Amino acid sequence: MNNQTTPVHLRLWHHEFWLLVIANLLLTMSVYLLIPTFPQWLMGEQHFTPEETGLTMAAFALGLYLFGPTCSWLVQHYRRNTVCLWAIVAIAVNVLALGYFSPLTSFTRAIIHRIALGAAFGLAQMVLTSTLIIDTCESHQRTEANFGAAWFSRFALSLGPLAGLALAVLPQNYYVLQLKCELSQITPILLGSGILALVSLVLIYRVTFPFRTPEEGVSMVSLDRFFLPSGFPLFLNLLLISITVGIVLTLSLTMVFYALMMGGFLLALLAQRFVFSNAELKSEVISGLILIIAALSAMLVYPASFVAPLLLGLAIGLICSRFLLFFVKLSRHCQRGTSQSTYFLSWETGLALGLGLGYGVFSDDRSMLLYTCLSITVIALLMYHFFTHRWFMKHKNR
């Protein structure tokens, strides 16, 4: 597994696998849809300060870890797809209930909402990526399955905010069940988020998972399917990168920016197949970090640059794909699911912390925001080049 290219097995992409990866896309979109819209609503309609908004967005990271230690116990004592479905129900209820109570939103309620949303999303994603998707494929296809499913989550980073911004431009006066209502600006966005989550629930419900006899003696609290301690250097390095991405996403970005970022993702897919297929193993991450530096520099020189989102999408695609495979290679037997959850936690934690820093610290200073992102990216590049990659080559198990 030292080659750059992940093999393609057409038999993997059967009907049930397609249902799960599309459900993964829609579920992630339902959460990412709130990235550009929810903070603006908090500061606009709810009159939150930038610091309160930053803390609210960062609170999502705390929720991600609440159910992690019990994830293995839950999927052993209850049907694994049932655990995922109930977690998705919790996501839908969370966002739809916020729309109902939006006139009464306080700082405390907003914090609770984000923690609860992070907890439900974390549990749903851990079960979906570490168990359900793996269960639909043969053992020799599991790396490709993880790789493909992760790409659909990655697409949501552009498609989710793009959908959120599209819903944000809907008129406040519109028909719901043929009744004209005066609604909050956030209402159509929350409805869209809830609907996406419910559609993903329906797709997962249509997949049949055979009954599996629960293992005996499973501890209620464990690191299984939750966190891989041996992967902490990878976790920390990817965390720095995702913090940078999160901070950048707090800028006033347009629908065109997110559309071009999607173009960058597609370029990354082509680059992995035709440019990096036989390249040195560390080349994707190094190239990706250099591309982030180039994107940030372009945003400093020319804020409306069309090149920056393309470079950023290309960089994210290259870096995240390689880190995901590094986590898989680092895991031992029966730790594949745990490696997936660790990768997920690293990315989502950094993204939430970056959103918190962007709104809470740099809301009025675009230049300082971008210079800070450049500094963090350079640190991540130096860390990867001089430590992380060598450490990984020494400790990998596959």
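Under the condition of being of a type in the set (G, A, S) and touching a helix residue (DSSP H, G or I) at 6+ places or on another chain (Cβ under 6 Å), which residue from the stretch 79-99 is surrounded by the most Cβ atoms within 10 Å (Cβ to Cβ)?
The residue in question is A87.
Which condition breaks for L162 when tested against (1) closer than 30 Å to E284 by Cβ; (2) buried (at least 18 other Cβ atoms within 10 Å of the Cβ); (3) at pLDDT below 95?
(3)
When the stretch 253-292 is examined, which residues are found to be within 16 Å of V378 (Cα to Cα) and either open to solvent by less than 10 Å² (accessible area, probe 1.4 Å) or under 21 Å from the mean Cα position of the chain (by Cα) (or both)?
Matches in the stretch 253-292: E284, V285, G288, L289, L291, I292.
For the stretch 304-398, which helices (runs of 4 or more DSSP H) that fit wholly inside it have 1 or more residues that are among the basic types (K, R) and in contact with a Lys or Arg (Cβ under 8 Å, 6 or more places away or on another chain)?
Result: 307-330, 336-360.
Just to be sure before I move on: is L201 touching a Gly at 6+ places or on another chain (Cβ under 9 Å), under 26 Å from Y32 (Cα atoms) and of a type outside the set (D, E, K, R) in the structure I sent?
Values: touching a Gly at 6+ places or on another chain (Cβ under 9 Å): no; under 26 Å from Y32 (Cα atoms): yes; of a type outside the set (D, E, K, R): yes.
In short, no.
I want to confirm something. Restricting to the stretch 326-347 and keeping residues that are at pLDDT 95 or above and open to solvent by 10 Å² or more (accessible area, probe 1.4 Å), which single residue is farthest from the chain's Cα centre (by Cα)?
Y343
Taking the conditions exactly as written (open to solvent by 10 Å² or more (accessible area, probe 1.4 Å) and of a type outside the set (D, E, K, R)), does V75 satisfy them or not?
Considered against the rule, which asks whether it is open to solvent by 10 Å² or more (accessible area, probe 1.4 Å) and of a type outside the set (D, E, K, R), V75 comes out as yes.
Of everything in the stretch 104-118, what is farther than 14 Å from L27 by Cα, part of a helix (DSSP H, G or I) and either at pLDDT 90 or above or among the polar types (S, T, N, Q) (or both)? Give them in sequence order. Even if it seems obvious, please write down each step before you answer.
Start the filter on the stretch 104-118 by keeping residues that are farther than 14 Å from L27 by Cα, which leaves 104-116.
Restricting the remaining residues to those that are part of a helix (DSSP H, G or I) gives 104, 107-116.
If the condition is that a residue be farther than 14 Å from L27 by Cα, part of a helix (DSSP H, G or I) and either at pLDDT 90 or above or among the polar types (S, T, N, Q) (or both), then F107, T108, R109, A110, I111, I112, H113, R114, I115, A116 are the ones that fit.
For the list (1) modelled with pLDDT of 95 or more; (2) assigned to a helix (DSSP H, G or I); (3) under 18 Å from F344 (Cβ atoms), I need the number of the one condition that L66 fails.
If we test L66 against (1) modelled with pLDDT of 95 or more; (2) assigned to a helix (DSSP H, G or I); (3) under 18 Å from F344 (Cβ atoms), just (2) comes out false.
So the check is Cβ under 7 Å with 6+ separation or different chains; which pairs have a first residue in the stretch 377-398 that's touching a residue at least 40 places away in the same chain (Cβ under 8 Å) and at positive phi and a second one that's assigned to a helix (DSSP H, G or I) and open to solvent by less than 80 Å² (accessible area, probe 1.4 Å)?
Listed pairs, sorted by first residue: none to list.
Any chance the stretch 32-41 includes a residue that's open to solvent by less than 60 Å² (accessible area, probe 1.4 Å) and more than 25 Å from L198 (Cβ to Cβ)?
Scanning the stretch 32-41, I find no residue that is open to solvent by less than 60 Å² (accessible area, probe 1.4 Å) and more than 25 Å from L198 (Cβ to Cβ), so the answer is no.
How about the stretch 264-319: which of its residues are polar (S, T, N, Q), within 23 Å of L251 (Cα to Cα) and touching a residue at least 24 places away in the same chain (Cβ under 8 Å)?
Correct list: S297 only.
For the stretch 69-82, give me each residue that is over 24 Å from I111 (Cα atoms) and assigned to a helix (DSSP H, G or I).
From the stretch 69-82, those over 24 Å from I111 (Cα atoms) are 72-82; that's our starting set.
Within the stretch 69-82, S72, W73, L74, V75, Q76, H77, R80, N81, T82 qualify.
Which ones in the stretch 230-250 are open to solvent by 10 Å² or more (accessible area, probe 1.4 Å) and either at pLDDT below 95 or under 21 Å from D365 (Cβ atoms) (or both)?
Of everything in the stretch 230-250, those that are open to solvent by 10 Å² or more (accessible area, probe 1.4 Å) and either at pLDDT below 95 or under 21 Å from D365 (Cβ atoms) (or both) turn out to be S230, L240, I243, T250.
Can you name the residue in the stretch 191-217 that is open to solvent by 30 Å² or more (accessible area, probe 1.4 Å), among the β-branched types (V, I, T) and in a helix (DSSP H, G or I) and, of all such residues, is farthest from I134 (Cα to Cα)?
I195
Please count how many residues of the stretch 362-378 are within 22 Å of L157 (Cβ to Cβ), open to solvent by 20 Å² or more (accessible area, probe 1.4 Å) and not aromatic (F, W, Y).
Result for the stretch 362-378: 5.
Tell me which residues, restricted to the stretch 305-325, are open to solvent by 10 Å² or more (accessible area, probe 1.4 Å) and either at pLDDT 95 or above or in contact with a strand residue (DSSP E or B) (Cβ under 6 Å, 6 or more places away or on another chain) (or both).
V307, L310, L311, L314
The values are calculated or read from the model by the stated rules, or taken from the named source; none is laboratory data. These numbers were taken from a predicted model, which means no experiment stands behind them. Quick reminder, even Gly has a Cβ in these numbers, built from the backbone with ideal geometry, and neighbours come from all protein chains shown. Each accessible area value is taken on the protein alone, full model and side chains, heavy atoms only, with ligands, DNA and RNA left out. Shrake-Rupley method; radii C 1.70, N 1.55, O 1.52, S 1.80 Å.
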